[in-house]
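Novice: Got a structure here, written out as structure tokens. Questions coming.
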Amino acid sequence: MILLILTSLFLLYLFDLLYWKRRNLPPGPTPLPVIGNLHLLNNEVKPGYKMYENLKEKYGPVYTFWMASLPMVTVTDWQLIKQHFIKEGGNFVGRPEYPISIEIRKGPFGIIESYGERWVQHRRFALHVLRDFGLGKNLMEEKILGEVTAMIDAIRKSPDDVDMQNIFDACVGSVINSLLFGYRYDETNMAQFLELKNRMNKHFKMAAEPIGGLIGMYPWLGNFPFFKSFKNVIMDNWMGLMKMFRRQAEERLTTIDYESEESSDYVEAFLKERKKHEHEKGFGGFEMEQLESVCFDLWVAGMETTSNTLYWSLLYVLLNPEVHRKVSEELNKEIGTDRIITTSDRSKLNYVNATINETQRLANLLPMNLSRTTVVDVEIAGFKIPKDTVITPQISTVMYDPEIFPEPYLFRPERFLESDGSLKKVEELVPFSIGRRQCLGEGLARAELFLFFANLFNQFDISLHPENTSPATEKEFGITMKAKNYRVVMKNRY
Ligand code: HEM
């Protein structure tokens with residue numbers, strides 16, 4: 001009798017898993033019990049672009065990928081992405097909840113993982129603060145140029161053997177930290193920066209592993225021996241980051257000058273807004289938990305992405321001598337001195353801009369874009385997709401699509417130039433994603449990429465270190481793709 005009940009339950013479970021749950025979803029690989037399709041991430045060539053391409057080939061431009069028990073509808077075709085995520089952008093503004101993240105953040109706080117009213121309020125607030133820093137007194141460019149000068153000084157201290165990853169990390173980290181907290185990293189607080197960077201690296205690496213995905217979906221797995229130590233590392237690491245941000249924000253609470261109208265950093269702007277809402281329930285959405293989560297989001301989203309792109313840009317240029325020559329020629333012609341290049345030079349440096357664009361396309365930092373959820377029922381390519389379905393516009397597949405970018409794995413800045421040498425607008429170049437949840441830091445990131453790249457190549461003749469003349473171009477796995485370490489030699493150009 002018991003055997004009969006167990007067999008029936010098992011058959012019911014299989015019926016649900018293999019047919020019932022999938023009946024209204026676009027096709028896709030068969031999910032396995034518990035892990036869904038997570039095993040595919042391990043079976044295919046890392047970091048996963050190929051897997052998404054193969055799934056597109058096999059199941060068409062819209063397919064379902066199972067992240068453990070969570071079905072993710074994935075849209076890979078540019079025309080469909082444009083038609084739905086841009087033109088009907090308001091339908092795709094939700095975010096899925098990941099139980100482990102909710103546990104650590106103490107709720108759906110922040111910007112990246114919040115949704116509904118909170119997301120609207122804080123995305124608007126963040127854009128407003130960043131715009132304020134960018135306009136008028138141009139605090140943003142001032143802070144970036146301060147770090148460009150720090151980069152040049154750091155290189156000049158030991159130009160014969162440089163690993164630019166560390167220098168980019170410290171400079172880009174200083175830009176975001178000084179926008180958030182008002183101070184940069186130098187010899188006096190380098191230990192704090194290194195701790196942050198270490199924790200961030202670990203965080204990204206673990207979050208991108210299939211086992212990280214599994215624990216993210218089922219934090220209770222951490223009660224079992226095999227998963228326990230893994231979950232403990234994730235928790236310690238992530239909580240440690242949140243504590244660092246919380247401590248700094250609380251320190252500011254005691255020193256802030258509420259009388260002055262202007263704010264010189266994000267935390268100050270947030271705390272002043274909090275004060276205005278102090279008599280409202282939950283400080284009108286400006287709780288300390290929200291601040292701690294926003295600091296985490298802006299740090300996570302703003303540091304590794306930009307620094308890794310810069311490291312790729314240097315590698316790709318050094319491996320393509322013809323591109324290097326053209327970058328140098330343009331800088332000689334348009335700048336011609338060792339003065340610091342500013343954003344007002346941007347429109348003159350078409351080849352430099354095209355090289356940065358091509359770096360962003362080829363580095364293709366996020367094999368798997370952040371997922372959204374539908375906030376109403378939608379129909380894509382004939383599939384009826386209900387409200388609250390997890391859905392991902394897969395920008396990495398678009399940027400490696402050979403129909404759009406022929407020979408997509410070759411580095412060719414000319415893709416982004418018109419025949420008269422002016423910069424070509426290519427709508428399918430979407431490293432910052434698309435629609436209403438498009439990257440919030442795009443303006444900041446673009447300014448950083450241009451100013452660091454242009455000034456680096458204007459100041460220095462750069463070559464690969466003689467002991468490291470053919471560095472690897474394979475990507476190191478994480479949520480954003482890292483280049484493997486390589487070293488360079490720098491000589492002053494002026
Ligand atoms: C090269 C640098 C960067 C790249 C390639 C990049 C890329 C992205 C991508 C692909 C998304 C996902 C959008 C989606 O959901 O479809 C995103 C979201 C986001 N990015 Fe960036 N990003 C970069 C730099 C930055 C910087 C410097 C900041 C902040 C200062 C930032 C803040 C954010 C935030 C807050 C979100 C979440 C937006 C939301 O959910 O409304 N990013 N970024």
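What follows is calculated from the coordinates using simple rules that are stated; it is not laboratory data. These figures come from a predicted structure and were not determined experimentally. A quick note on method: Cβ atoms are made from the backbone with ideal geometry, for glycine too, and the neighbour counts reach across all protein chains shown.
Novice: Which stretch or stretches of region 431-467 have amide N atoms under 18 Å from the point lying 7 Å from ARG339's Cα along the Cα→Cβ direction?
Specialist: 451-452, 454-460
Novice: Okay, next question. Once phi is turned into θ = phi - 60°, what whole-Hz ³J(HN,Hα) does the Karplus curve with 6.51, -1.76 and 1.60 give for every residue of region 412-421, x standing for Gly and Pro?
Specialist: Values per residue, Gly and Pro as x: 9, x, 4, 4, 9, 10, 6, 5, 8, x Hz.
Novice: To continue, here is another question. Quick one: which residues, 5+ away or cross-chain, put their amide H under 5 Å from the amide H of VAL378? H built at 1.01 Å from N.
Specialist: ILE385, LYS387
Novice: Suppose each label sits 7 Å from its Cα in the direction of the beta carbon; what would the GLN192-LEU12 distance come out to in nanometres?
Specialist: 5.7
Novice: Which of the residue pairs LYS106/LYS228; LYS326/LYS491; LYS197/LYS243; LYS82/LYS387; LYS143/LYS475; LYS333/LYS424 have a Cα-Cα distance greater than 26 Å in the structure shown? Walk me through the numbers before you get to the answer.
Specialist: Details: LYS106/LYS228 21 Å; LYS326/LYS491 18 Å; LYS197/LYS243 15 Å; LYS82/LYS387 19 Å; LYS143/LYS475 30 Å; LYS333/LYS424 20 Å.
Those over the limit are LYS143/LYS475.
Novice: Still on this model: Distances longer than 15 Å among the Cα atoms of region 157-203: what percent of all pairs is that?
Specialist: Values: 527 of 1081 pairs.
The calculated P(r) of region 157-203 puts 49 percent of pairs beyond 15 Å.
Novice: Rounded if a/c is under 1.5, else prolate if a/b is larger than b/c, else oblate: which is region 225-266, with a ≥ b ≥ c the root eigenvalues of its Cα gyration tensor?
Specialist: Prolate is the answer for region 225-266, as a/c is 1.5 or above and a/b outweighs b/c.
Novice: Quick one: compute the contact order of region 307-461, relative version, from alpha carbon pairs under 8 angstrom and 6+ residues apart, as a percent.
Specialist: Relative CO of region 307-461 lands at 30 percent.
Novice: Just to be sure I follow the definition: excluding the sites themselves, where is the longest run in the chain that has none of the trypsin sites (Lys or Arg not before Pro) in a DSSP loop with at most 12 other Cβ atoms within 10 Å?
Specialist: Longest run free of exposed loop sites: 138-338.
Novice: Something else now. Just to confirm the number: angle between the C-alpha axis of helix 442-459 and the first principal axis of the chain, 0 to 90 degrees, nearest 10?
Specialist: That helix lies at roughly 40 degrees to the long axis.
Novice: Based on the Cβ-Cβ distance of ASN223 and TYR494, what FRET efficiency does E = 1/(1 + (r/R0)^6) give at R0 = 56 Å, to the nearest 0.05?
Specialist: The pair ASN223/TYR494 has a calculated efficiency of 0.35.
Novice: Can you classify region 331-434 as rounded, prolate or oblate using the Cα gyration tensor, where a ≥ b ≥ c are the square roots of its eigenvalues, rounded means a/c under 1.5, and otherwise it's prolate if a/b beats b/c and oblate if not?
Specialist: prolate
Novice: So, one more: Filter the GluC sites (Glu not before Pro) in region 444-487 down to the DSSP loop ones having no more than 15 other Cβ atoms within 10 Å, then list what survives.
Specialist: Details: sites: GLU448, GLU467, GLU474, GLU476; in loops: GLU474.
Answer by residue number: GLU474.
Novice: Please check which bits of region 224-239 a label hung off ASN201 would reach, taking the label as a point 7 Å along Cα-to-C-beta and the cut-off as backbone N under 14 Å.
Specialist: Backbone N within reach: none found.
Novice: Now for a separate question. From zero up to wherever the largest Cα-Cα distance of the chain sits, split into 20 Å bins and tell me the percent of pairs in each.
Specialist: 21, 55, 22, 2, 0
Novice: Based on DSSP, what percent of beta bridges with both residues in the chain are antiparallel, to the nearest 5?
Specialist: Within the chain, antiparallel bridges account for around 85 percent of the total.
Novice: Please turn the phi angles of region 6-21 into ³J(HN,Hα) values with the Karplus equation 6.51 cos²θ - 1.76 cosθ + 1.60 (θ = phi - 60°), one per residue in order, whole Hz, x for glycine and proline.
Specialist: 4, 4, 5, 4, 5, 5, 4, 4, 5, 4, 5, 5, 8, 10, 4, 5
Novice: Follow-up question, since we're still on this one. Which semi-axes, in whole Å and largest first, does the equivalent ellipsoid of region 340-379 have when worked out from the alpha carbon gyration tensor as the square roots of 5 times its eigenvalues?
Specialist: 35, 14, 9
Novice: For region 32-72, what's the relative contact order in percent, using C-alpha pairs closer than 8 Å and at least 6 residues apart?
Specialist: Result for region 32-72 is 50 percent.
Novice: Follow-up question, since we're still on this one. In whole Å, what is the distance between the alpha-carbon centres of region 44-107 and region 234-284?
Specialist: Centre-to-centre distance over Cα atoms comes out at 33 Å.
Novice: Would you calculate the separation in nanometres between label points at ILE404 and ASN42, each defined as 7 Å from the Cα along the Cα-to-beta-carbon direction?
Specialist: For ILE404 paired with ASN42, the spin-label model returns 3.2 nm.
Novice: Another question about this same structure. With a/c under 1.5 counting as rounded, go ahead and sort region 399-467 into rounded, prolate or oblate using the C-alpha gyration tensor (a ≥ b ≥ c being the square roots of the eigenvalues; past the cut-off, prolate if a/b is larger than b/c, else oblate).
Specialist: Taking the square roots of the gyration eigenvalues as a ≥ b ≥ c, region 399-467 is oblate.
Novice: Could you give the distance between the Cα centres of region 153-203 and region 348-375, to the whole Å?
Specialist: Comparing the Cα centres of region 153-203 and region 348-375, I get a distance of 23 Å.
Novice: What is the distance in Å between the Cα centres of region 445-494 and region 404-423?
Specialist: Centre-to-centre (Cα) distance: 21 Å.
Novice: If each DSSP helix of 4+ residues adds -39,500 (n - 2.57) and the sum is divided by the residues in the chain, what number results at 222 nm, nearest 500 deg cm²/dmol?
Specialist: One gets -16500 deg cm²/dmol as the mean residue ellipticity at 222 nm.
Novice: Using R₀ = 60 Å, calculate the FRET efficiency as 1/(1 + (r/R₀)^6) where r is the Cβ-Cβ separation of THR469 and LYS276; round to 0.05.
Specialist: Plugging the Cβ-Cβ distance into 1/(1 + (r/R0)^6) gives 0.55.
Novice: From the phi of every residue in region 110-121, what ³J(HN,Hα) in whole Hz does the Karplus formula 6.51 cos²θ - 1.76 cosθ + 1.60 yield, where θ is phi - 60° and glycine or proline is x?
Specialist: Couplings: x, 10, 4, 10, 8, 8, x, 4, 4, 4, 4, 4 Hz.
Novice: How long is the gain from ASN24 to SER69 if the chain were fully straight, where each residue apart is worth 0.36 nm and the alpha carbon distance is subtracted?
Specialist: Going from the current span to full extension adds 14.6 nm.
Novice: Where does region 226-342 land on the Kirkwood hydrodynamic radius, alpha-carbon pairs, in angstrom? Intermediate values should be presented prior to the final figure.
Specialist: Numbers: mean 1/r = 0.0539 Å⁻¹.
Mean inverse Cα-Cα distance, inverted, gives 18.6 Å.
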